[in-house]
Structure formats: C-alpha cells, structure tokens
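**Q** Can you keep this structure in mind? I'll have questions shortly.
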Amino acid sequence: MRIGELAARAGVSVRSLRYYEQRGLLTSTRTPSGQRRYTEHDVDRVRFIQGLYAANLSSGTIAELMPCRDAPSKHNSDATLERMARERARITAQIDDLLRARDTLDSMVAVARAHRETLPHPAPAADGSATPRNTTPLSSAAASL
C-alpha cells in the first residue's frame, strides 16, 4: 500500500510516517519511481508506535522497545520490561513535580485570597472614583510562604 493509504488506515499523518522512517521505527520498500510501499503488517506497527507515543515515550525509547515486537525472546522481553519500568519511574517523578507545583500554586492562591480579604472597600473620592486605602503589596504576603 502507498503512504497515503497507510496514513489513513493507521490514523496518522503522512508526515508522521516519514518521521518514523527517519527514526528507524518503520521501513518501506520503494517502487522503481521511488514511491514508498508498505505492508498490511505496517498498519499494526504504526498503531503500536502511536500507543507508545501516547504513553509519552520518545522516539529513541520506542526504538529501544521495538526488538521485543520484531524479534520476541525472553532477552528482548526482559530488556523491554526494564526499559518500561524506567520510563514509568520517570513519568512518576514528573507527576510528583507537577503535584508539588500545584500545591505551591494552591498556597499562593490562598495567600492572595487572604490578602484580598484584608483590603478595605475603596471609599469614593470626591470625583466619584475609588481610592484604595490599603497599599500593602501582595508580594509581602506571599513572601511568608
């Protein structure tokens, strides 16, 4: 099948397929005129690659995992399981970092809300505009975090 048909059947762009080839994740044969040709097997392969990308794996990591699919063996399975465990640990560390960042932001929101409550309602000025009475900057309150 041609590249456009593979792209349509696998649900990816033609550009993605060319990238996969460039990274060594996918191979094609070429017609005498240079057009890429793929097999039915390649539809499943591209879907598998997409699943690994959806798991936030890089193309380099995906290339390390492909021997398990291409040449199944206990050795390749062990290597793949070890690599996936490292990737899972990396993702868990990212999640932990994001949770800490969210907690810090929650604290900042709480400080901002508490500071807002200390601000008086502005009294109308002679010209009808509001004039603030408390000019304590929020940054002073936030410094206590």
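**Q** With charges only on Cβ, +1 for K and R and -1 for D and E, what is the dipole size of the chain about its Cα centre, in debye, rounded to 20?
**A** 520 debye
**Q** Roughly how far apart, in whole Å, are the Cα centres of region 88-118 and region 47-68?
**A** 31 Å
**Q** Based solely on its DSSP helices, what 222 nm [θ] is calculated for the chain when runs of n ≥ 4 H residues each add -39,500 (n - 2.57) and the sum is averaged over all residues, nearest 500 deg cm²/dmol?
**A** Value at 222 nm, helices only, nearest 500: -21500 deg cm²/dmol.
**Q** Here's something else I'd like to know. Ranked by accessible surface with a 1.4 Å probe, highest first, in what order do 121, 41, 115, 75 come?
**A** Solvent-accessible surface, decreasing: 121, 75, 41, 115.
**Q** Can you list the HN-Hα couplings for region 37-53, worked out from phi with the Karplus curve (6.51, -1.76, 1.60; θ = phi - 60°), rounded to whole Hz and with x for Gly and Pro?
**A** Residue by residue, region 37-53 yields 10, 10, 10, 4, 4, 5, 4, 5, 4, 5, 4, 4, 4, 4, x, 5, 5 Hz.
**Q** Also, I was wondering about something else. If 108, 66, 1 are ordered by their accessible area, calculated over protein heavy atoms with a 1.4 Å probe, which sequence runs from highest to lowest?
**A** Solvent-accessible surface, decreasing: 108, 1, 66.
**Q** Quick one: helix 74-118 against the long Cα principal axis of the chain, what's the angle to the nearest 10°, folded into 0 to 90?
**A** 20 degrees
**Q** A further question on this structure: Toward the positive end of the charge dipole of region 1-49, about the Cα centre and with charges on Cβ (Lys, Arg +1; Asp, Glu -1), which of 10, 27, 39 goes farthest?
**A** 27
**Q** Starting from the residue with the highest accessible area, list 117, 5 in decreasing order, probe 1.4 Å.
**A** Reading off the accessible areas and sorting them downward yields 117, 5.
**Q** What label, among (i) 8.8; (ii) 16.5; (iii) 10.1, belongs to mean projected area of the Cα convex hull in nm² computed from the structure on display?
**A** This structure yields the entry labelled (ii).
**Q** Could you pull the accessible area for residue 19 with a 1.4 Å probe, rounded to 10 Å²?
**A** Surface open to solvent at residue 19 totals about 90 Å².
**Q** So, one more: I need to check one value: relative contact order of region 1-130, counting alpha carbon pairs closer than 8 Å and at least 6 residues apart, in percent.
**A** This gives 16 percent for region 1-130.
The values are calculated or read from the model by the stated rules, or taken from the named source; none is laboratory data. Computed from a prediction, not measured in an experiment: that's the story for all the values here. Cβ: placed from backbone, ideal geometry, glycine included. Neighbour counts: every protein chain shown. The protein model used for the area step is the full one, side chains on, heavy atoms only, and it has no ligands, DNA or RNA in it. Shrake-Rupley method; radii C 1.70, N 1.55, O 1.52, S 1.80 Å.
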